[in-house]
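Novice: Can you keep this structure in mind? I'll have questions shortly.
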Amino acid sequence: MTGKQRYASQTVRGGKRDAQRVLAEMVTEAERGLTPRTASTVGELLEAWFAMAAADFSPTTVKETRGFMDRSLLPAFGERKLAKLRAADIDAFYQELRLSGGVTGKPLAPSTIRRIHGILRRALAQGVKWGWIGVNPAAAASPPKVPPSQIAPPDPEQLARVLERSRRESPELSCYVL
């Protein structure tokens, strides 16, 4: 871009072997183009993504997305540098939400955590497109699975009552109920 060389450094606790291992990882990431391209935070990316994406959302989605960002994502990751965010950090965040992550301190449902994951994943994917980060760590994270809902069919007596009522109130409707 500017022609200036960029340098990356990292402090390693341990011995020479540990430092050599980290150096090898850093070189591999640089060769694969996975080096961070900005010193931006997760919060800055979330805000920039939201400003762009909100135009395509319905008013309800804008409100819900903003709420999830303000209540969950920004407090947890807002000040963290994008380059330091890892899938393991995101998984630990999901575990915390499962145990006591709601505003009231109550666990969040798996479906709610998956919605939060979707917001974070989309924002980070946009960060990759914009060149703010090399890879999307949320793509490697593991949000909880949503258990299938159990739908109990009506018993014969309930079905008979529905059919009888539909015949009484609207004979045309009873054709569709069957």
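The values are calculated or read from the model by the stated rules, or taken from the named source; none is laboratory data. As the structure is a prediction and not an experimental result, all values here were calculated from the model. Because the Cβ atoms are built from the backbone with ideal geometry, glycine has one as well, and the counts that use them run over all protein chains shown.
Novice: Please return the ranges of helices (runs of 4 or more DSSP H) entirely within the stretch 105-178 where 2 or more residues are within 20 Å of Leu45 (Cβ to Cβ) and either in contact with a His (Cβ under 9 Å, 6 or more places away or on another chain) or not aromatic (Phe, Trp, Tyr) (or both).
Specialist: On the way: elements: 110-130, 156-169, 171-177.
In the stretch 105-178, 110-130 are the helices (runs of 4 or more DSSP H) which contain 2 or more residues that are within 20 Å of Leu45 (Cβ to Cβ) and either in contact with a His (Cβ under 9 Å, 6 or more places away or on another chain) or not aromatic (Phe, Trp, Tyr) (or both).
Novice: Just checking, which of Thr28, Thr35, Thr60 is modelled with pLDDT of 95 or more, on the phi < 0 side of the Ramachandran plot and of a type in the set (Val, Ile, Thr)? Give the steps one after another, and end with the answer.
Specialist: Details: Thr28 fails: modelled with pLDDT of 95 or more; Thr35 fails: modelled with pLDDT of 95 or more.
None of the others qualify; the one that does is Thr60.
Novice: Every residue in the stretch 65-93 that is without any contact (Cβ under 8 Å) to a residue 12 or more places away in the chain and farther than 18 Å from Ala138 by Cα, please. Don't jump to the end; show me each part of the working.
Specialist: Looking only at the stretch 65-93, we keep the residues that are without any contact (Cβ under 8 Å) to a residue 12 or more places away in the chain, and these are 67, 70, 75, 84, 88, 92.
Answer for the stretch 65-93, where residues must be without any contact (Cβ under 8 Å) to a residue 12 or more places away in the chain and farther than 18 Å from Ala138 by Cα: Gly67, Asp70.
Novice: Residue pairs, Cβ under 8 Å, 6 or more apart or interchain, first in the stretch 15-36 and farther than 19 Å from Arg86 by Cβ, second part of a loop (DSSP other than H, G, I, E, B) and at pLDDT 75 or above. List them.
Specialist: Short answer, once both residue conditions are applied: Ala19/Val12.
Novice: Further question: Does Thr60 fit the bill of being loosely packed, with under 12 Cβ neighbours inside 10 Å, polar (S, T, N, Q) and part of a loop (DSSP other than H, G, I, E, B)?
Specialist: On the way: loosely packed, with under 12 Cβ neighbours inside 10 Å: yes; polar (S, T, N, Q): yes; part of a loop (DSSP other than H, G, I, E, B): no.
Taking the combined requirement at face value, the residue does not satisfy it.
Novice: Of the residues that sit in the stretch 76-104 and are more than 27 Å from Ser40 (Cβ to Cβ) and small (Gly, Ala, Ser), which one is surrounded by the fewest Cβ atoms within 10 Å (Cβ to Cβ)?
Specialist: Here the answer is Ser100.
Novice: Within the stretch 86-103, is even one residue among the aliphatic types (A, V, I, L, M), part of a loop (DSSP other than H, G, I, E, B) and either within 22 Å of Arg66 (Cα to Cα) or not assigned by TED's automatic domain parsing to the domain that holds Thr28 (or both)? Talk me through it step by step, then tell me what you get.
Specialist: Here is the first cut: in the stretch 86-103, the residues among the aliphatic types (A, V, I, L, M) are 87-88, 90, 92, 97, 99, 103.
Next cut, part of a loop (DSSP other than H, G, I, E, B) only: 103.
From what's left, either within 22 Å of Arg66 (Cα to Cα) or not assigned by TED's automatic domain parsing to the domain that holds Thr28 (or both): 103.
The answer is yes; a qualifying residue exists.
Novice: Here's another thing I want to ask about it. If you take the residues of the stretch 109-152 that are in contact with a Gly (Cβ under 8 Å, 6 or more places away or on another chain) and within 24 Å of Phe57 (Cα to Cα), which of them is modelled with the lowest pLDDT?
Specialist: Restricting attention to the stretch 109-152, the residues satisfying the condition of being in contact with a Gly (Cβ under 8 Å, 6 or more places away or on another chain) are 113, 128, 133-134, 136.
Now drop any that are not within 24 Å of Phe57 (Cα to Cα), which leaves 113, 128, 136.
Numbers: Ile113: 95, Val128: 90, Asn136: 94.
The selected residue is Val128.
Novice: How many residues are within 27 Å of Val103 (Cβ to Cβ), in contact with a helix residue (DSSP H, G or I) (Cβ under 7 Å, 6 or more places away or on another chain) and of a type in the set (S, T, N, Q) when one looks only at the stretch 137-170?
Specialist: Residues meeting the conditions: 1.
Novice: Could you please let me know if Gly105 is under 23 Å from Lys129 (Cβ atoms) and free of Cβ contacts under 8 Å to residues at least 40 places away in the same chain? Give the derivation first.
Specialist: Details: under 23 Å from Lys129 (Cβ atoms): no; free of Cβ contacts under 8 Å to residues at least 40 places away in the same chain: yes.
Taking the combined requirement at face value, the residue does not satisfy it.
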